[in-house]
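Below: one structure, written as structure tokens.
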Amino acid sequence: MKKIKKHQVKRWEISIIELKNNSGRRFKVTRRLPEISVSETKMFNSKKKAKKQFEEWLK
């Protein structure tokens, strides 16, 4: 008798948020894997760099 185990499919949630304060704007890019409560966040001063990271994580 064979047992087959399927690998759990990872589904990332990715978000980008603009934060404003007196000293300027920053951009926060976060990816989460809610099934196992894991997340990674990166902060950027440039909107261009934040969008680049966001697009990279979507691939």
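Annotations for the structure displayed:
- Per residue, the average separation of C-alpha pairs within less than 8 Å and at least 6 apart gives the stretch 13-58 a relative contact order of 36 percent.
- Packing, as the average of other Cβ atoms within 10 Å across residues, places the peptides 53-59, 27-33 in the order 27-33, 53-59, highest first.
- Peptides ranked, highest mean first, by Cβ atoms within 10 Å: ranges 12-25, 38-51: 38-51, 12-25
- Rounded D (µm²/s) - the stretch 13-58, Kirkwood Rh over Cα pairs, Stokes-Einstein at 37 °C, 0.692 mPa s: 298 µm²/s
- Between Leu58 and Arg32, the modelled label-to-label distance comes to 1.9 nm, taking each label 7 Å out from Cα in the direction of the beta carbon.
Taken together, the values in this text are just the output of simple stated rules run on the coordinates, not laboratory data. What you see is a predicted model, and the numbers here were worked out from it, not measured in a lab. Virtual Cβ from ideal backbone geometry, glycine too; neighbours counted across all protein chains shown.
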